[in-house]
Amino acid sequence: DFTDSVDSLQQQLGISDGVEMPVGNKPVTARETFVRHYMNEREDEFTNIHPLKIFCGTWNVNGQSPSEPLNEWLCYDEDPPDIYALGFQELDLSNQAYIFSESTKDVEWQKAVRNYLHPGARYRKIKSVRLVGVLLIVFIQEKHIPFVNRNFIDTDSVATGIMGIMGNKGGVSVRLTLHNTSLCFINSHLAAHQEEYERRNQDYRDIESKTKFKQFLPPLNINEHDMIFWIGDLNYRISNLGINDVKKYADEGLYGKMLPHDQLSSQLGKSDVFRGYCEGPITFTPTYRYDTGTNNWDSSEKKRIPAWCDRVLFKGNGINQLRYNSHQTLCVSDHKPVSALHQCNIRVIDQTKYKKVYEEIMKKLDKIENEYLPQVKLSCTEFSFKDVKFIEPRSDKLVVSNIGQAPVTIEFIKKLDDSDICKPWLQVTPSKAVLKPDEILNIQIDIYVEKASAAKLNSKDDTLDDILVLHLHGVPVTGNYLPSSFGSSIEALIQMHGPIRELDIPKLVEIVNNFDVTFTGGRLYMVPKEIFRMVNHIHLHGLKEESLFQQPGLNSEIQQIRECLDTGIPETLPGSIHSVAESLLLFLEALPESVIPSIAYYKCLDTSNNYLLNFHRNVFKYLCAFLRELLKYSEDNNLDVKFLASMFGEVFLRPPKPLTDPRLKSDAHAKQARRMEDDKRAAFIYHFLTNEYDD
């Protein structure tokens, strides 16, 4: 009967009476998609609004332990909030934090937070997630627990530190659904330093695009939520205003004179960075940087310009920010904590009204399906990209119009025997949508060649050639890839006496696919000249550089370095030392066969003896000697042997198969196995960083 059909569809779509989560697995059929679409349009007809208060707090604690009461931060409001979302950054600054998953600081701060939650209510922790020093904890009042489906609470983390290996910068996220409203909380720590404005923007883009909640099929992204709260040390600074003027205006409360120079405020609503997000009026003094333990501005040698690094942003309908404050009395860190309180309109389903709207939609859908056929029009039927380069994104736009009288599902589908809708270097966004009559959809077509794709494109085992299948339409996407030293093998690189772009394609393919010393008259480099140039540059200019191999470079500079290595122009590597260091790591990561070949992987984990082929051995010896040299200057560059062993263990040793054994019975067992293997890789490299290489 009708009730049974409603219950069945509710289970398929994840819609319920408000006790279960209203967003489960995404609709998989066109009819389900249309029903969801029309139900969402008429949601106001069958939902009631329940106002709840959400407290968002953020604090960069500078590696300190909680040594002072947190009441002034967490109990600032007279009434208890319904939800707490608390973000910490720089929770643990020890080198061990980068190597080991456990952290005593995590335990200390979680305990402190629990002790100082508002005494006017009882709270339960929904979830916590940590990426090195970035921690997010979400609490909810116990009375709301029955209205949250625990099966669909999910988390994710995205590292934006150097190479995406380091979690010293990045973002962590928690999502849940309360009644019929989906909530997403993101805590992030973006790139530091006054001048790294664009790197911060790129960090945001990476976190926003890479965060996926895999509890759902297909995975949910950040923007598929009703309400989004983004908190953290976003690290945006005040530009083009002298330090004396900034301090004067801050001390006098003249924030209006400073805000036009704030790097985040100046681009909110004017660029793709935090597009759609809002921020309440800033009526508090800058939260960074103070002498630890005081309310005095930074008096160190660096004398950093005060800035609003710590922010709370929000996005979605039905959010009203009630206040936005810093908490100046807390002095344990060089940052001040920030909090914001929001009143949020949470939607609760009225089952009687819901079933009435559902019945009307089903009748309407039956009529449309019987009377009309779907018709779509494409703005372009073919895309061609010229001169695509390694790690240099290219994009175009496909406009799809519904010119028929019925709604239509736009979806790219897999080709026969393919595991995905397109090749790894190609991406389409969105890959699926519903269009009403006369509605148009802009689809982004992106090409991005990175380390996983470069080797096959260099060797011509793959080409920039694919066909996107959209309903009955085939949309070819083609391009010509400019070969790069990034993604070329050690065997090929030691034969090339000039830049890779100077070789014609047939000769390059011959070198890449066939190791033949006769090509160079038997003269081979000991190590690829590209590796030598980057190592030599760091040796000459960066041995004492602070945070070497820990601070990320700039994408634009890494592209310039790639171009320099591939063309030989200019003679000197461009960019900062940090960009050269990240380029070196990226170069090693992109090798088709890692520095230590996969055939020797398990032998190396079991012993520190030598199982390397001559050419790989030379590169390994050279790089280990370079790293040992860096460690001589550890007081200046802050490098630690365990840190380098862990980082380069991942770069030098790539397993011949996934680290996770499918026979392992649980995630805990798989996690333990990965950790043991990581420890073995680090131990292998540690041996060579603490001892001279012995043939």
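Tell me whether the stretch 103-230 comes out rounded, prolate or oblate; compute the Cα gyration tensor, take square roots of the eigenvalues as a ≥ b ≥ c, and use a/c under 1.5 as the rounded threshold.
Numbers: a/c = 2.18, a/b = 1.35, b/c = 1.62.
Taking the square roots of the gyration eigenvalues as a ≥ b ≥ c, the stretch 103-230 is oblate.
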Convert each backbone phi in the stretch 147-156 into a coupling constant with the Karplus relation 6.51 cos²θ - 1.76 cosθ + 1.60 (shift: θ = phi - 60°), then list the ³J(HN,Hα) values in order as whole Hz, x for Gly and Pro.
-> 9, 10, 7, 5, 5, 10, 6, 8, 9, 7
Extreme residue, positive dipole direction of the chain, given options Val477, His193, Asn458 (C-beta unit charges) = His193
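First select every other residue whose beta carbon is under 15 angstrom from the beta carbon of Phe383; then total the charges, Lys and Arg +1, Asp and Glu -1. Provide the component values of the computation, followed by the final result.
Details: positive: Lys386, Arg394, Lys397, Lys423; negative: Glu382, Asp387, Asp396, Asp446, Asp465, Asp466.
Result for the neighbourhood of Phe383: -2.
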Cα-centre dipole for the stretch 376-481 with unit charges at Cβ (Lys and Arg positive, Asp and Glu negative), debye to 20 | 80
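What order do you get for Thr429, Thr287 when you list them from fewest to most C-beta neighbours inside 10 Å? It would help to have the intermediate numbers written out before the result.
Numbers: Thr429 12, Thr287 26.
Least crowded to most crowded, the residues run Thr429, Thr287.
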Going residue by residue through the stretch 476-487, the Karplus relation 6.51 cos²θ - 1.76 cosθ + 1.60 with θ = phi - 60° gives ³J(HN,Hα) values, rounded to whole Hz and with x marking Gly or Pro, of x, 10, 10, x, 10, 9, 7, x, 9, 5, 5, x
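What Kirkwood hydrodynamic radius, in Å, does the stretch 47-349 give when the mean of 1/r is taken over all pairs of distinct Cα atoms and then inverted? If you can, show how the numbers build up before the last one.
Values: mean 1/r = 0.0514 Å⁻¹.
Kirkwood hydrodynamic radius for the stretch 47-349: 19.5 Å.
Would you mind ranking His539, His189, His335 so that the residue whose beta carbon has the fewest other beta carbons within 10 Å leads the list?
The most exposed by this proxy come first: His539, His335, His189.
Going by average Cβ neighbours within 10 Å, how do the peptides 219-227, 171-179 rank, with the highest at the top? All intermediate terms of the calculation are to be shown ahead of the outcome.
Working: 219-227: 18.8, 171-179: 25.6.
Output ranking for 219-227, 171-179: 171-179, 219-227.
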Starting from the Cα of Glu68, step 7 Å along the direction of its Cβ; do the same at Thr104; then give the gap between the two resulting points in nm.
-> 2.3
Net charge (Lys, Arg +1; Asp, Glu -1) of residues whose beta-carbon lies under 14 Å from that of Lys544, Lys544 excluded, is -4
Greater than 20 Å apart at Cα, pairs in Lys529/Lys621; Lys212/Lys377; Lys212/Lys397 | Lys212/Lys377; Lys212/Lys397
Pseudo-spin-label distance Asn370 to Lys257, built 7 Å along Cα→Cβ, given in nm, is 7.3
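Looking at the stretch 263-332, which trypsin sites (Lys or Arg not before Pro) are DSSP coil and have at most 15 other C-beta atoms within 10 Å of their C-beta? Write out the running numbers ahead of the final one.
On the way: sites: Lys270, Arg275, Arg289, Lys302, Lys303, Arg304, Arg311, Lys315, Arg323; in loops: Lys270, Arg275, Arg289, Lys302, Lys303, Arg304.
Here the sparse-neighbourhood loop sites are Lys270, Arg275, Lys302, Lys303.
When the helix-only estimate is applied to the chain (DSSP H runs of n ≥ 4, each -39,500 (n - 2.57), divided by the residue count), what is the mean residue ellipticity at 222 nm, nearest 500 deg cm²/dmol? Walk me through the intermediate numbers first.
Numbers: 19 runs with 214 residues, N = 695.
Taking each H run of at least 4 residues, the total per residue is -9500 deg cm²/dmol.
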Counting other beta carbons within 10 Å of each Cβ, put Leu591, Leu259, Leu468 in order, fewest first.
-> Leu259, Leu468, Leu591
Pull up all non-local amide H partners of Val449: gap of 5 or more, or a different chain, and H-to-H distance under 5 Å with H placed in the peptide plane.
-> Ile391, Glu392
Report the label-to-label distance for Asp461 and Lys302 in nanometres (one decimal), using points 7 Å from each Cα along the Cα→Cβ vector.
-> 4.4
Which of Ser395, Thr352, Pro437, positive extreme of dipole for the stretch 305-447 (C-beta unit charges) | Thr352
Where does the charge balance sit around Asn235 when Lys and Arg score +1, Asp and Glu -1, over other residues with C-beta under 14 Å from its C-beta?
-> -2
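What is the magnitude of the charge dipole of the stretch 367-428 about its Cα centre, with +1 placed on the Cβ of each Lys and Arg, -1 on the Cβ of each Asp and Glu, and no other charges, expressed in debye to the nearest 20? Don't jump to the answer; show the numbers that get you there.
On the way: 9 positive and 10 negative charges, 38 e Å.
Here the size comes out at about 180 debye.
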Farthest positive-ward along the chain dipole, Cα basis, beta-carbon charges - from Ser182, Leu426, Tyr601 = Ser182
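Given the peptides 46-59, 237-250, 193-206, arrange them by the average over their residues of other C-beta atoms within 10 Å, most packed first. Numbers along the way, then the final one.
Working: 46-59: 20.8, 237-250: 16.1, 193-206: 18.6.
The most tightly packed comes first, giving 46-59, 193-206, 237-250.
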Which of (i) 40.3, 159; (ii) 28.6, 97; (iii) 27.6, 84 is the computed Rg and Dmax of the Cα atoms in Å? It is (iii)
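Each value in this text was obtained by applying a stated rule to the coordinates, not by laboratory testing. This is a predicted model, so every value here is computed, not measured. Positions of Cβ are generated from backbone atoms using ideal geometry, with glycine treated the same way; all protein chains shown enter the neighbour counts.
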